[in-house]
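This report concerns only the one structure given below.
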Amino acid sequence: MNIDEKLLKTTEAEYGKDYRNHALEIYKLYLDLSDKLSARRLSVNSFFLTLNSFIIGLLGYGKLSFSSTATPEFYWIISILGMTICVVWFKIIHAYKHIMRSKFMVIHRIEQHLPLAAYEAEWQLLRENHGYQPLTHFEMVVPWIFFVLNLAISLKESLL
C-alpha cells in the first residue's frame, strides 16, 4: 500500500492558502493522539500487572490460610485464569506495538513535508545506538513471567 495515497488527499494548490496551517494542526493533533495511546497502553499494563499480582497473592494466601481445605483444582482454576489473563495481556501489548509502529510511520511521512523531522531524527539516533532495545521487548516478557509463575504454582500444587 502506498501511504501517500491515503495520507495526502489533496495538493496544496487544490486545498488553498490554509493548507500548511491545517496540515500542521492535524500533525499536532495526531501527535497528541499518539501520546494518549501511549498513556492508555501504560494504564492497560498497570491493570494487568495489578490483576496478576492479585492472582499470585490469592494463590499464596490460599496456601497459608486454607491449605488443608484448598484442593488442587482450586489452584488449577485460579492458575488457568491467571495464565489466560497473561495471554490476553501479551496479545494486547502486541496489538499496541503494531498500532504505535503504524502511527510513527505516519508521523515520519508527515514530517517529510515539514521543515523539521524531530521524531524521525530521534528514531535514527536510537537505531544507531547499538545498546538500545525497544521497551516493547521488555514489556512483552512480563506477561510470560506471570504465565510461568502461575503454571509453576498449579503444577506444584497438583503434584503435592
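Annotation: of all residues in the stretch 129-146 being aromatic (Phe, Trp, Tyr) and free of Cβ contacts under 8 Å to residues at least 40 places away in the same chain, the one that is nearest to residue 36 (Cα to Cα) is 138.
Screening residue 41 with (1) among the charged types (D, E, K, R); (2) closer than 30 Å to residue 87 by Cα; (3) free of Cβ contacts under 8 Å to residues at least 40 places away in the same chain; (4) surrounded by 13 or more Cβ atoms within 10 Å (Cβ to Cβ) gives one miss only, at (3). Taking (1) touching a residue at least 60 places away in the same chain (Cβ under 8 Å); (2) under 30 Å from residue 7 (Cβ atoms) in turn, residue 149 satisfies each apart from (2).
Take the residues in the stretch 45-73 that are modelled with pLDDT under 80 and touching a helix residue (DSSP H, G or I) at 6+ places or on another chain (Cβ under 7 Å), then tell me which one is nearest to residue 140 (Cα to Cα). Once the filter is applied, the top-ranked residue is 59. Close Cβ contacts (under 8 Å, 6 or more residues apart or on different chains) running from residues in the stretch 103-128 that are loosely packed, with under 12 Cβ neighbours inside 10 Å to residues that are outside any helix (DSSP H, G or I) and modelled with pLDDT of 85 or more are absent.
The values are calculated or read from the model by the stated rules, or taken from the named source; none is laboratory data. No experiment lies behind these values; they were computed from the predicted model shown. With ideal geometry, Cβ positions are generated from the backbone for all residues, glycine too; neighbour counts draw on all protein chains shown.
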